[in-house]
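Q: Below is the structure I would like to discuss, written out as structure tokens.
Only the coordinates and a few stated rules stand behind these numbers; no lab work does. Computed from a prediction, not measured in an experiment: that's the story for all the values here. Every residue, glycine among them, receives a Cβ derived from its backbone with ideal geometry; neighbour counts consider all protein chains shown.
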Amino acid sequence: MYDINKIYEILLMQNYQKELFSDLINSSSIVTGSDINVCCPLPNHNDSTPSFSISLTKPLYNCFGCGAKGDWLDYLQKTQNWDFKTALAYLADKAGVEKSNVPIVKKKIEYSYTAKEKEQKVIDFEANDAYFIKCFDNLLNHPSALKFLEEKRGIKPETAIHCGMGIDTEKQRWVIPVFKIGSLNWEDPKFWNPKILGFEYRRSDFSLFDINGKKFKCHKQPSTPSTLVEINGKSPEMRKLIIMEGFFDAYLYWQYLKENGKEHTTHIITPSCGLSRLVEDVKAFDFTPYLQVTVMLDNDYKHINVQGELENIGLNKMKELNELFPEFKYNVLPDGYKDFSEWYIGMNKKEVKIAC
Ligand SMILES: [Zn+2]
């Protein structure tokens, strides 16, 4: 595997952007601060004013005219018609960086969905949008609920808003929208077109039981398919993916990245209905754009399985995935923490840091 951060570091030191974009830089280019604005070279944009901004300090570009943005790898793929591997090898060669022994993250393993699974994957209800907006607005208008969320679960208001959380005041429950992967781009409101597949619920005190004492079971919500879903939408420059076990862990992970100024680095996804179909969904996922994939499942959570035995499901799923994807990283939490939420909420006391 190539170390893209190292490649970019070397190339930036050599001012490689001037070479990469040399065809575009001419007398009509405008330098503003740490950017050069040139006419957009992308095939779908017939640009007459310089609206394509090239950063002089980062390996990034951003077009204000057509909305395209990404890193140099992404630029080479778009303009040269290359695949990711070819673009990466080209930049590595320019930087004089050798491949390390670690294999590049594998492509997806072919997996055929059964007819029933296929049917479930295409479920999509437009009515969900109206409900999502109503619950989202409710939460914004209830400062006490936002405060409760932060006190009980460590989730700050900006995180709740980023993740589209809401509350249903009639049914007294938290409403967690389940977004389709690829439908979110939080970076650019123009492309903010989330597809809501359904919802997860928690009672207002975060228990798993509704006001009638019945357990919320996502499998019983006909509108919520069991699939991998989006928490932090992917932007073209993201080369890291993390698969978290649950929504609240995933929200807190986003918050942790944000606090460290790194929320733009990592695409975050989670299974919508627990771990039952995780391995199948991961097999069908396309990992080609990523240089690093991390799986962070609960450490220590024991369930009674169908045979009536105690089972550490998270650990077993990670073992199963490790057989198929040995190049992934598994659970980077320090020992003794059950899940990311527990670690995050206890972090201030223990002062343990984890890489992000
Ligand atoms: Zn453009």
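Q: What full-extension length gain, to one decimal in nm, is calculated for Lys6 and Leu324 as 0.36 nm per residue of separation minus the Cα-Cα distance?
A: 111.7 nm
Q: Provide the gained length on full extension for the span Ala89 to Ala130, in nm with one decimal, where the gain is 0.36 nm per separating residue minus the Cα-Cα distance.
A: Using 0.36 nm per residue and subtracting the Cα-Cα distance, I get 10.1 nm.
Q: Mind giving me the FRET efficiency for Glu170 and His142? R0 is 22 Å, r the Cβ-Cβ distance, nearest 0.05 is fine.
A: Computed FRET efficiency for Glu170 and His142 comes out at 0.95.
Q: On to the next question. Taking other Cβ within 10 Å of each residue's Cβ, how do Val97, Val332, Val175, Val31 sort, fewest first?
A: With the sparsest Cβ surroundings first, the list reads Val31, Val332, Val97, Val175.
Q: Further, regarding this structure: Grab every C-alpha pair in the range 4-95, bin the distances at 10 angstrom width from 0 up to the longest one, and report whole percents.
A: All Cα pairs considered, the percentages come to 17, 52, 28, 3.
Q: Order by neighbour count: Cys273, Cys135, fewest other Cβ atoms within 10 Å first, most last.
A: Listing Cys273, Cys135 from fewest to most nearby Cβ atoms yields Cys273, Cys135.
Q: Could you list Phe84, Phe179 so that the one with the fewest beta carbons within 10 Å of its beta carbon is first and the one with the most is last?
A: Fewest-to-most ranking of Phe84, Phe179: Phe84, Phe179.
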